1. Has the stretch 180-187 got any residue that is at pLDDT below 90, touching a Gly at 6+ places or on another chain (Cβ under 9 Å) and more than 17 Å from P156 (Cβ to Cβ)?
2. Taking L379 and the conditions (1) closer than 27 Å to L450 by Cβ; (2) under 23 Å from the mean Cα position of the chain (by Cα); (3) open to solvent by 20 Å² or more (accessible area, probe 1.4 Å), which numbered condition does it fall short on, given that it satisfies the others?
3. With the condition kept exactly as written, say whether any residue in the stretch 56-63 is surrounded by fewer than 22 Cβ atoms within 10 Å (Cβ to Cβ), in contact with a Lys or Arg (Cβ under 6 Å, 6 or more places away or on another chain), modelled with pLDDT of 80 or more and over 30 Å from E242 (Cβ atoms).
4. Looking at V74, V78, V47, which is the one that is modelled with pLDDT under 85 and open to solvent by less than 10 Å² (accessible area, probe 1.4 Å)?
5. Quick check, is A272 among the aliphatic types (A, V, I, L, M), surrounded by 21 or more Cβ atoms within 10 Å (Cβ to Cβ) and at pLDDT below 90?
6. Between residues in the stretch 13-30 that are on the phi > 0 side of the Ramachandran plot and residues that are among the polar types (S, T, N, Q) and at pLDDT below 75, which pairs lie under 8 Å by C-beta distance while being six or more apart or on different chains?
7. Within the stretch 348-368, take every residue that is of a type outside the set (F, W, Y) and touching a Ser or Thr at 6+ places or on another chain (Cβ under 9 Å) and give me the one that is most open to solvent (accessible area, probe 1.4 Å).
8. I need the full set of residues from the stretch 237-256 which are open to solvent by less than 60 Å² (accessible area, probe 1.4 Å) and at pLDDT below 85, in order please.
Amino acid sequence: MAQPSASRPAAPGGHRDLTKGPILRTLLLFSAPTLAANILQSLNGSVNSVWVGRLLGESALAATANANVVMFLVFAAVFGFGMAATVKVGQAFGARNIDAARRTFGTALGFCLGLSLCVATAGWIFAPALLRAMATPGETYHFALTYLRVIFVAMPASMITVMLGMGLRGSGDAQTPLKFMILSVVLDIALNPLLIAGIGPFPRLGIAGAATATATASYVSMLAMVTWVYARDLPLRLRGTELAYLIPQRSELGYIVRKGLPMGAQMLLISAAGIIMIGLVNREGVLISAAYGASLQLWTYLQMPAMAISAAVSAMAAQAIGAGLLHRLGQITRSGVLLNFAMTGAMTVILLLFDRGSLELFLGPNSPAVDAARHIQFLASWSYVLFGVTIVLFGTMRAGGVVIAPLIVLAIAMYPGRLGFYYLAYPHIGADALWLAMPFGSVIATSLALYVYSRSGWRTRSRAIPELEAEEETCADGDVAGRMTPTL
C-alpha cells in the first residue's frame, strides 16, 4: 500500500535551505530520494500483477486493473484530508506545540478512519453495480468482484497506516514510515504467489489470494507501526485523556476539510476519468482490457520522475516566494521542465525499446495481448512527457497558493478534451481513439498550463505557503495509471 516517501525534509530541525546553490543540481538531489521511494512503492503493485497475470491469466490481470482504478477513487476520497492534516501537524511541530500536533493528528485519524469505514462498506455493497457500470466483461467481472471486496476489507488498516505515516512525516520523521512501507511491500510480494497458487501449507485462493496477501500485509504493517509508535514513545502517540482527540474537533476539522477538499477534489476528478477510461476499454473485450492493464503497470513508472521533480520544484518555489526571490521562479521551473524531459523522456524511450519483454512479464510470452499492449504503448506512452511538463508548472504555481487553476485545467483536458476526442474519433479509427485521446488530452493540459503560468497575475499575488504544503498539494496531480492508491 502507499506510504509516504522518505524524501521530504524533516521539520523543524531538518529544514533544508533550497534558496541557494545551483538550481538544477539542487533539484536533482532533492527529487532523487522521492523518486526512489515511489518506485519501490510502485514495484509492489507491478510484482503482484506479474504473479496474477502469469498464474491466473489475462482475465485476472484485467480484473486487477479494474479494481485498482476503483480503489484509487476510494482512497482519493480520503487522502486529501490526510495531506492537509500533515501540513498542520508540521506547522504545530515547527511551533514546538506537541499538544496541538496531537489534536490535529487525532482529529485527522478519527475522521479519516470513520470516512474510510463508510466508504469501504459502501464499496463492498455497490461494487457489483460499479463494475457493471464500467462494462467489466465476462470472467473478468467475477475476478474483479472477488478481488475488490477483499481489498475493501483491508481499507481501514491501510488508512490507519497511511495516516500514521503522514502524521510522522509532518513531525519530521520520514524514516519510520519508510521502514513499514518496506515491511508491507515485502510481505505482499512474498504472500502473493503462495496464496494464489496454494504453495506449501497455504490454501489455493486464486484471485482472492492476491487480495488476501495485500490485506494481510496491510494489517501486519499497521499493527507493527502502531506498536513501534508506542514502544518508542514517538511524539504523536495518544494516551489517557488524549485519546479523546480521536473524536473530530470542529476547529481542527474545519482546517482539514477546507484545505483537503481542493486536493481531494482533484484526485477524485482524475480517478473518475480513469474509471471512465477503463470502462471504455472494457467494451473492447478481455484481450484489450488485459493489454491495457499491463500498459497501466508500465505507465506507473513513467509518471514517477515527473511527480518527484514537481514535488521538489514546489518546495523550492515555496522557499523562493517566502524569501522574496521571485526572480528564481522562472529558473526553478525551467530546470524542472528540462529535468523532466531528460528523465521521463529517457524512461519512455527505454520502455518502447524493450516493451515486449516488459509486457511479457505480465501477460506471458504466448499471449496475443502482448502485441495489442505494444500498440497501445507506442501510441500513448509519450503523453507522460507532456504530463510531466504540466505538473512541473502546477508545482510552481501551487507554491504561490494557486489551487483552482490546476483543477480547471485538468478538468478541461480530461473531459471535453480526452473524452471529446474519443467520441469524435472512434467512428473513424476505432479503439485507437482511446490511446490517442491520452496524448491529445496531455497537449491540451500542457497548453493551458503554459498559458496560466505565463500570466503575471499569480506571481504578483503569490503568498508564501509552507514548503510541506506545497509538496503535499503536488501529490494530487498523479494519473491513476494502474495504481491502487495515490503516490505520496
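The values are calculated or read from the model by the stated rules, or taken from the named source; none is laboratory data. All values reported here derive from a predicted model rather than from experimental measurement. Here the Cβ positions follow ideal geometry from the backbone for every residue, glycine too, while neighbour counts run over all protein chains shown. Each accessible area value is taken on the protein alone, full model and side chains, heavy atoms only, with ligands, DNA and RNA left out. Shrake-Rupley method; radii C 1.70, N 1.55, O 1.52, S 1.80 Å.
1. Within the stretch 180-187, one or more residues are at pLDDT below 90, touching a Gly at 6+ places or on another chain (Cβ under 9 Å) and more than 17 Å from P156 (Cβ to Cβ).
2. Among (1) closer than 27 Å to L450 by Cβ; (2) under 23 Å from the mean Cα position of the chain (by Cα); (3) open to solvent by 20 Å² or more (accessible area, probe 1.4 Å), L379 violates only (2).
3. no
4. V78
5. The answer is no for A272.
6. none
7. My answer is L361.
8. Matches in the stretch 237-256: P248, Q249, E252, L253, G254, Y255, I256.
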